[in-house]
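One structure is given below, encoded as structure tokens.
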Amino acid sequence: MLYYAWTEALRTLRNRRYTIFVVLFPVALYLINAGIYGDQPGAAGVRQSVYLMVQMAGYGALGASMMSSAVPWAQERRSGWLSHLRITPLPGWAIVVTKLAIAMLLVLPSLVLVFAVAVLQQGVSMPLGRWAALAAVMWLGAIPFVALGLAIGSLLSPEAAQPAAVLLVFALSLLGGLWFPVEVMGGTFQAIAELTPSYHYAGLGWSVVASGGLALGDVLTVTGWGIALGGAAAYLYRRATVRA
Amino acid sequence: MNAIVFDHVSKRFGDVLAVDELSLTIAAGATVALLGPNGAGKSTSIGMLLALSRPTRGTIAVHGRTPERAVLAGEVGAMLQQGELIPELSVRELVELVRRLYPAPLGLAEVLELAGLTELARRRAGGLSGGQAQRVRFALALAGAPRLLLLDEPTAAMDVESRRRFWDSMRAYAAGGRTVLFASHYLAEAEEHADRVIVIAGGRVVADGTAAQIKAGAGGQVVRFALGEQPAAGLDRLPGVTAVEVGAGIATLRTRDTDATLAALYRDTALDVRDLELSGLDEAFLALTGRS
Ligand SMILES: Nc1ncnc2c1ncn2[C@@H]1O[C@H](COP(=O)(O)OP(=O)(O)OP(=O)(O)O)[C@@H](O)[C@H]1O
Ligand SMILES: [Mg+2]
């Protein structure tokens, strides 16, 4: 089963879509934006280069968690690879648990790379404890998105899952303020943003870099979404693999 | 112990009754062909044996347990009719992945050798040809050293050389006392490689026995040769022959026992037999499966 997990990680890392969109894109965006605005004061009361770091790490993590779950999973169901696995002694729960674990693991490169570039190129510095807290919340906070990805992969065909995942990543990034602060978009937009897991996910990161603490509202919203999407993913997974 | 028992198994997909009250028993260690035309219910039966789907009615036992348990215990390996591989992984990684999921698998080198993949081990699955991918599926089926090997149209997409190697490997694998069930469209393939042939059509068993029994039951084989101006008298008295037709200098004999007929044709007649042809496998198969 460990080897199964290893091959799951390997195949995603070998996939160009994953590497380009999810790992390199946020880093490149960060470099460009931070190069221009890095020294200005940022929205959360921190230097813009720090604010942007959380934004881009969040965007990368969001993309990684959905891209490494939704599309491969939808493809496997369709292509018959899933049947291959189901006729081996690997139990059904092990398949989904492995997918979840690997998707979570693949969130890490996006986070770490953006952090590394921020430190090296923009000279961002924080106490070690705060780095650890930031990495922890931004990593664990990605759980709802992995669940969402698996739910999409269980529900849709590969042709539909691909655009659906891309669209959701964009929408959630936009609404979550991962590209630019939602404040600039006006009232209605902000009210919608308040409901999304991505807005509060980014909020977790901003609170940590600004104060070292967390806002209860962010924690509750992300956890709530995590539970809701996890439940949906589990239900849809069962429905997609049930033996007729 | 019986490897496989179907007890009045039916499977319905909406309006289609894919498998209809199927009952059969396959002893452990046998190599059995499941023969039938398109839509006969072969893949559906194999799917139920693998717990990929459940019978609508009836029960299936694999080594005395439910298919689910047999699969989880690593007793079954299969080559499915459809089923793509993961394009980003190499042949070796795919084989290793499946191999390690079983409790007592074959060695990696042995699997690659049996499936004729040693040279292709480092290739990514995404770049394989149809026949090569089929060989990888074979490798995945036997990687775990399952006691029961199910092969759904295993030689589809394989060239002549791959086919020959495939059947050699299949025999080598089966020789260890393992049970093999393969689905096929061709009586010739079944005759050559199986101890027993089960013919199904419309989800029911229409014939069951050795290939020779099946052919005999379906009106036998055909022996055809150029007779020219020679007399046809006596041909109908050759052993096994059930019917004789002569036309345009060609004699066509229908026989229940090809070997006996041919032996007598050469030994007991003074005929000059030219352009001899044996056929009738396809006719026998059509006669059987067209009936239902
Ligand atoms: N999932 C399904 N939904 C609806 N009908 C199905 C399904 N699977 C099989 N059938 C129908 O059941 C019948 C038996 O199909 P099956 O695939 O078992 O045939 P087969 O003997 O394997 O044929 P082939 O030689 O073409 O592979 C067919 O009429 C087929 O259309
Ligand atoms: Mg079939």
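The values are calculated or read from the model by the stated rules, or taken from the named source; none is laboratory data. Here the structure is a predicted model, which means the values were calculated and not measured. No Cβ is skipped: glycine too gets one built from the backbone with ideal geometry, and neighbour counts run over all protein chains shown.
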Residues B:ALA109, B:ALA157, B:ALA141, B:ALA133: which one is in a helix (DSSP H, G or I), within 16 Å of ligand 2 (Cβ to nearest atom) and not acidic (Asp, Glu)?
-> B:ALA141
Can B:GLU119 be described as out of contact with any Gly (no Cβ under 7 Å at 6 or more places or on another chain) and at the interface with chain A (Cβ under 9 Å from one of its Cβ atoms)?
-> no
Filter segment A:60-88 down to residues that are free of Cβ contacts under 8 Å to residues at least 40 places away in the same chain and not in a helix (DSSP H, G or I), then give me how many there are.
-> 3
Out of (1) in contact with an Asp or Glu (Cβ under 9 Å, 6 or more places away or on another chain); (2) in contact (Cβ under 8 Å) with a residue 60 or more places away in the chain; (3) away from ligand 2 (no atom under 16 Å from the Cβ), the one B:GLU75 does not meet is (1)
Could you please give the count of residues in segment B:28-52 that are in contact with a Lys or Arg (Cβ under 7 Å, 6 or more places away or on another chain), within 13 Å of ligand 2 (Cβ to nearest atom) and either outside any strand (DSSP E or B) or within 13 Å of chain A (Cβ to nearest Cβ) (or both)?
-> 4
Single condition A:GLY92 does not satisfy, out of (1) within 14 Å of chain B (Cβ to nearest Cβ); (2) more than 16 Å from B:VAL71 (Cβ to Cβ); (3) not aliphatic (A, V, I, L, M) | (2)
Within segment B:182-193, identify whether any single residue is farther than 18 Å from B:ALA78 by Cα, within 16 Å of ligand 2 (Cβ to nearest atom) and aromatic (Phe, Trp, Tyr), and answer yes or no.
-> yes
Leading residue by the ranking (farthest from ligand 1 (Cβ to nearest atom)) among those in segment B:37-62 that are crowded, with 19+ Cβ neighbours inside 10 Å and on the phi > 0 side of the Ramachandran plot | B:ALA51
Would you confirm whether any residue within segment B:11-25 is at pLDDT 95 or above, of a type in the set (D, E, K, R), closer than 29 Å to B:LEU187 by Cβ and away from ligand 1 (no atom under 16 Å from the Cβ)?
-> no
Options B:VAL19, B:VAL5: the member that is within 27 Å of B:HIS193 (Cα to Cα), under 22 Å from the mean Cα position of the chain (by Cα) and more than 16 Å from ligand 2 (Cβ to nearest atom) = B:VAL5
Exclusive hit being surrounded by fewer than 24 Cβ atoms within 10 Å (Cβ to Cβ), in a strand (DSSP E or B) and assigned by TED's automatic domain parsing to the domain that holds B:ARG69, set B:VAL199, B:VAL205, B:VAL222, B:VAL180 = B:VAL205
Of everything in segment B:63-82 that's of a type in the set (A, V, I, L, M, F, W, C) and under 21 Å from the mean Cα position of the chain (by Cα), which residue is farthest from ligand 1 (Cβ to nearest atom)?
-> B:VAL76
Report, by residue number, each residue of segment B:24-43 that is in contact (Cβ under 8 Å) with a residue 40 or more places away in the chain and not aliphatic (A, V, I, L, M).
-> B:GLY29, B:THR31, B:GLY36, B:PRO37, B:ASN38, B:GLY41, B:LYS42, B:SER43
Evaluate the following for B:ASP152: is it within 22 Å of B:ARG135 (Cα to Cα), within 16 Å of ligand 2 (Cβ to nearest atom) and in the same structural domain as B:GLY47 (by TED's automatic domain parsing)?
-> yes
Scan (1) within 14 Å of another protein chain (Cβ to nearest Cβ); (2) surrounded by fewer than 21 Cβ atoms within 10 Å (Cβ to Cβ) for the single condition A:LEU31 breaks and write down its number.
-> (1)
